[in-house]
Ligand code: FEO
Ligand code: CA
Ligand code: CA
Ligand code: CA
């Protein structure tokens, strides 16, 4: 470790930060290279036709890479990471950007256009090999698979088969066609991928016609309202019409699990993890082997949850161990978080100024909602807790957070980190005011919170927490960078996805930069004298959100989601990545250190 002496940068973050900008490009630090790994429309499955923007079809899209890539999971298939499975979510479709100018009428989409939308949702699984030049190359393989809105999913866990989940197409309440609005996710220790169904509400029509007060309140709490849906899907499949299929919305808003190792496997929706606008789901193994899943509900004033399995994780990749581990999320206890501050309420004045003890911090507890078939919430059956989790959590005094996004455990220090992206309504008239865990009125730039479970045990029901970053322009007084000198950090706004490198540095991608420049990817050490030293690693093109991310020893992957959003096909504000006058295409990008990959190509200094 002597060679670390005198080093001013933390391992894994030895790069010159990229300055804020509005370039229509992925801008990376000097000394790094980049390449597009896969674009919207690129072939995934056997027989996929070449992408033809002017003549897209649902049959082609169902075999091609979907739209608006979000989460990226990279699962090495060998110890060197030469061969990998890459799993990517396709969160949503931007129809006005997906068809040539003048051919898509938002009020009257054609059936084929709607079916293209269904096929462009879901996930892609591809095999990807390291390119000797440094990047990652998608290859044809038996693993390559598209999962769309027409792929069969199995509902599992305590609410599967419930009357609340039955429809005319599925009287068993156990089989759902497809997944939508898959936002972030996580790779499990057993090699599968968990993916969160987030803003599922926007696809459903006619919630406004429901008059039964209980049903109407359930719809309202999940953001279902109004008449026609934005995409008009209800015209071509009645399941998107709440007036005709009142339970179909209850079949979305779950964490789904995909086994990329078995292209014939039936994906699963896990009811034991509750139903809300799941941003993501990430696993940590507790000391006794129980599996803990953290997940945020991305809505202003919504909650942070965790699930603790009943059974214990089995090590190894044998078929027996994998089958066992894939059943662990079927049974356990679902909790919601309450954060309590340790400073006098009067010192949390909404300005972002630190309280007298120098930290936004305190204690917390996990409040149980249900365990297996047993409900802990008065007035709710266990099935109701799982299907209407938000309403159950409202009853037990959980802490209303500033839009909980990705949550992940740090593999080095064991603490849990959650991105709270923003909440412009915090402290507004008629809305919840500030508390120590959400300390800024009209929180435009978001914050990042960390906690340590009691005794370092992920299954514990108590924890201690503190805020790592209060994001924004470091030149303003209402920001905080873990105590690091603010004149040395990159501005950061609207943290969304989080990941860790092998050194335990936190990497944060952003969505909706409120500081006037493009979104991007940042690194920040969380321990030692560099704690809070935020540096910007890259920026994404105009209109895009930075997603993914994956950070390995010698490779960074980001998903560039919705480049050009805000533009139109006639006047796209972005022509990335193909340039010229092409339409923008959401794509996954690889970044690596110049030169051959391997030890010399590491992102960090090692
Ligand atoms: Fe799809 Fe909460 O971001
Ligand atoms: Ca405090
Ligand atoms: Ca997100
Ligand atoms: Ca993540």
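The values are calculated or read from the model by the stated rules, or taken from the named source; none is laboratory data. Being a predicted model, the structure only gives us computed values, none of them experimental. Backbone-built Cβ (ideal geometry, glycine too); neighbour counts: all protein chains shown.
Some values worked out for this structure:
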{"quantity": "Residues located in the stretch 522-547, provided they are assigned to a strand (DSSP E or B), more than 19 Å from residue 403 (Cβ to Cβ) and within 18 Å of the chain's Cα centre (by Cα)", "calculated": "523"}
{"quantity": "Filter result for residue 133 (surrounded by fewer than 23 Cβ atoms within 10 Å (Cβ to Cβ) and under 26 Å from residue 581 (Cα atoms))", "calculated": "no"}
{"quantity": "Residue check, residue 232 closer than 30 Å to residue 545 by Cα, touching a residue at least 40 places away in the same chain (Cβ under 8 Å) and more than 24 Å from the chain's Cα centre (by Cα)", "calculated": "yes"}
{"quantity": "Hits in the stretch 527-545 - residues which are within 14 Å of residue 470 (Cα to Cα) and out of contact with any helix residue (DSSP H, G or I) (no Cβ under 8 Å at 6 or more places or on another chain)", "calculated": "531, 532, 534"}
{"quantity": "Selection count where residues are more than 16 Å from ligand 2 (Cβ to nearest atom), crowded, with 19+ Cβ neighbours inside 10 Å and not in a strand (DSSP E or B), scope the stretch 411-440", "calculated": "4"}
{"quantity": "Matching residues in the stretch 179-195 - criterion: being more than 15 Å from ligand 3 (Cβ to nearest atom) and part of a loop (DSSP other than H, G, I, E, B)", "calculated": "179, 188, 189, 190, 191, 192"}
{"quantity": "Given (1) in contact (Cβ under 8 Å) with a residue 60 or more places away in the chain; (2) within 25 Å of the chain's Cα centre (by Cα); (3) within 30 Å of residue 492 (Cα to Cα), index of the condition residue 343 fails", "calculated": "(2)"}
{"quantity": "Count - residues of the stretch 56-92 that are more than 24 Å from the chain's Cα centre (by Cα) and farther than 21 Å from residue 150 by Cβ", "calculated": "5"}
{"quantity": "Scan of the stretch 196-222 for residues that are in contact (Cβ under 8 Å) with a residue 24 or more places away in the chain, more than 16 Å from ligand 1 (Cβ to nearest atom), within 22 Å of residue 237 (Cα to Cα) and not in a loop (DSSP other than H, G, I, E, B), ordered by number", "calculated": "205, 207, 209, 215, 219"}
{"quantity": "Hits in the stretch 204-218 (condition: touching a helix residue (DSSP H, G or I) at 6+ places or on another chain (Cβ under 6 Å) and surrounded by 22 or more Cβ atoms within 10 Å (Cβ to Cβ))", "calculated": "204, 205, 207"}
{"quantity": "Candidates 409, 459, 475, 419 - the one that is at pLDDT 95 or above and more than 24 Å from the chain's Cα centre (by Cα)", "calculated": "475"}
{"quantity": "Where residue 357 falls short, out of the listed (1) over 22 Å from residue 479 (Cβ atoms); (2) more than 28 Å from the chain's Cα centre (by Cα)", "calculated": "(1)"}
{"quantity": "Residue count for the stretch 347-361, restricted to those that are in a strand (DSSP E or B) and either within 16 Å of ligand 4 (Cβ to nearest atom) or closer than 19 Å to residue 484 by Cα (or both)", "calculated": "1"}
{"quantity": "For residue 556: the one exception among (1) closer than 19 Å to residue 184 by Cα; (2) in contact (Cβ under 8 Å) with a residue 60 or more places away in the chain", "calculated": "(2)"}
{"quantity": "Selected residue (criterion: surrounded by the most Cβ atoms within 10 Å (Cβ to Cβ)) from residues of the stretch 274-291 that are within 16 Å of ligand 4 (Cβ to nearest atom) and not in a loop (DSSP other than H, G, I, E, B)", "calculated": "278"}
{"quantity": "Index of the failed condition, residue 351 passing every other in (1) more than 29 Å from residue 285 (Cβ to Cβ); (2) free of Cβ contacts under 8 Å to residues at least 60 places away in the same chain; (3) out of contact with any helix residue (DSSP H, G or I) (no Cβ under 9 Å at 6 or more places or on another chain)", "calculated": "(2)"}
{"quantity": "Residue list for the stretch 508-534, filter: touching a strand residue (DSSP E or B) at 6+ places or on another chain (Cβ under 6 Å) and farther than 17 Å from residue 497 by Cβ", "calculated": "532"}
{"quantity": "Selected residue (only one of 234, 150, 154 is buried (at least 22 other Cβ atoms within 10 Å of the Cβ) and either part of a loop (DSSP other than H, G, I, E, B) or away from ligand 2 (no atom under 16 Å from the Cβ) (or both))", "calculated": "234"}
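Condition check ((1) without any contact (Cβ under 8 Å) to a residue 40 or more places away in the chain; (2) outside any loop (DSSP other than H, G, I, E, B); (3) under 20 Å from residue 88 (Cα atoms)) across all residues:
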residue: 142; (1), (2), (3): no, no, yes
residue: 164; (1), (2), (3): no, yes, no
residue: 168; (1), (2), (3): no, no, no
residue: 224; (1), (2), (3): yes, no, no
